[in-house]
Amino acid sequence: STLLSALLLGAFMALRGYAKDVYVNNQAGNDDTADGTREKPYATIMAAVEVLENSDSLHLTATGIPYRPTGSIHLKGIGGTPEKPLIIDGHGATITWRRRYGVDQWKDEGEGIFSRKMGTNSAMKRHWEGFDLVMFDGRPGTSCVCRAALEPFGYVLYTRRSEKRSEADVPPDTLFIRLPEAKTPADVVVETCAPGGLNIGVASHIVVRNLCTMWVAGDGMGSYFCHDLLYENVESAFNTDQGMSHHSSSVDVRDSHFHHNAGCGIVDVRLASGNAQSRYVNCLVENDSYRGGVEFQDGDYEMENCIVRNNAGLALQARRGSAPRNISKVRLKNCVFIGNPNPKTRWPQNTVEIGPNCYGSVVNCTFYGIAMKLHVKKNTFPTEIFQCAFIPAPYGPDTILTINGLDKTMGGSVISHYNYFASGEIRINHIDSPRLNENRQVFSTPEVYLKNDLGLERGSVSFPLEGELSPYNLSGLNGKGRNGDTIGAYLEVDEP
């Protein structure tokens, strides 16, 4: 049991007598002579991880030069105690898996074109249009639509998921590049993502802080079957899958930034066994390229004081997976969701979606250019929407709230109080509602299906807007509900 494991670990720590600090310095360290002290640090993270024991602390020296592991940093089966967790402190360091692929790792296709296998897990609709995937002598290359359009220092990549592979004239999951005449990868430094990431498995009581992971061919950070993990002030970006992804783990994430990932910024799921529970506080999820911002599945999830903006596809999705009788729970408090005016994805766009068999609580949130979709059929608990603001952007959406499965036979219900709805449409059970009038009074609907006045005048609020309304000027949303409560989020949103 978890208690027995903790007692045994505590007894081991008492016998061992201490927990050590292990230092890494990629400029002054030497793996051959290191003892892990500050005076004799390791040069590589991989070597330092090999000597870690329970409740130790790993310290990276921020030298200004990124750390470049040759594979995944994998911690499995070691951890700490509630009183003495194992700590990984980057002290502001960056770990990158961007690596050079030499001439022997490319296939010469002729005419200055070279190729190599490169699988990605992105939801690309067409060719690669995300972050700069390939660098030539330190400068970003140009992503092209097809092989025929390749110019020197250009590249093309399609995946098996792409809907328009017929345009590609290249096989899927294969990266093609073109170099200037008579040049080869021996003459030009060609860099792109490599497999890796910071992965923690079957462990408890670990703290990861002050660290950035980048350029992983996969997830930047993640865990599986872990308990009591804490991430503080971490960043994960430019990864071909998720920025952060946890599987059947209990995780707390604070003050962190996930951006420019080809999958999602965050994806947390429950696997066939174990429990999934995540809490994100003061986090920013933005500019993720293809799939969306946040996905939660089969667990208990919470986001507070977070900003999710400018992501392709879904801003957030909570859903139940395939396991029987599972119920997902998602709580959103004081968060701001901002849509993407130019999403490039085959996935649903600019949406916060809470699916069937999910319990949702949405309090003091602002949705700008975002549609909320609720699928409440067969929900044991009602979905709650309190003191939120729904505002269309110039690019949409026309429908600001959709509720499906809301009838007697499905057993779902919604509770809503004191929300602000700007002009737009509300759809219930796929039926178009009247548009909201100039005074922003919400249409009436039978209370037999909607509990506590969703859509009724006494259950909503209207107030004058002050100045130009934008996601970066929310002063017009400082209206007060009937009890003097703030409507919408009260976060300050800086322009990107």
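Throughout, read-outs are computed from the coordinates displayed, never taken from laboratory work. This one's a predicted model, so the numbers in the text were calculated from it and none came from an experiment. Quick reminder, even Gly has a Cβ in these numbers, built from the backbone with ideal geometry, and neighbours come from all protein chains shown.
A few points about this structure:
- Were the residues from Glu53 through Val189 laid out at 0.36 nm apart, the gain over their Cα-Cα distance would be 45.1 nm.
- DSSP beta bridges fully contained in region 258-342 are about 0 percent antiparallel.
- In terms of the mean number of neighbouring beta-carbon atoms within 10 Å, the peptides 145-153, 294-302 order highest first as 294-302, 145-153.
- Ordering of 78-89, 103-114 by burial proxy (mean other Cβ atoms within 10 Å per residue, highest first): 78-89, 103-114
- Peptides 252-265, 48-61 ordered by average Cβ neighbours within 10 Å, highest first: 252-265, 48-61
- With the simple model of a label 7 Å out from the Cα in the direction of the Cβ, Tyr18 to Thr63 spans 2.6 nm.
- The magnitude of the dipole of region 43-140, with charges of +1 and -1 set on the Cβ of Lys/Arg and Asp/Glu and taken from the Cα centre, is near 300 debye.
- Beta bridges by DSSP in region 102-255, antiparallel share as percent, to the nearest 5: 40
- Violating pairs (Cα-Cα greater than 27 angstrom) within the set Lys84/Lys329; Lys117/Lys183; Lys76/Lys107; Lys329/Lys373; Lys76/Lys117: Lys84/Lys329; Lys76/Lys107; Lys76/Lys117
- One decimal place: the segment Asp108-Arg139 gains 9.0 nm when fully extended, by the rule 0.36 nm per residue minus the C-alpha distance.
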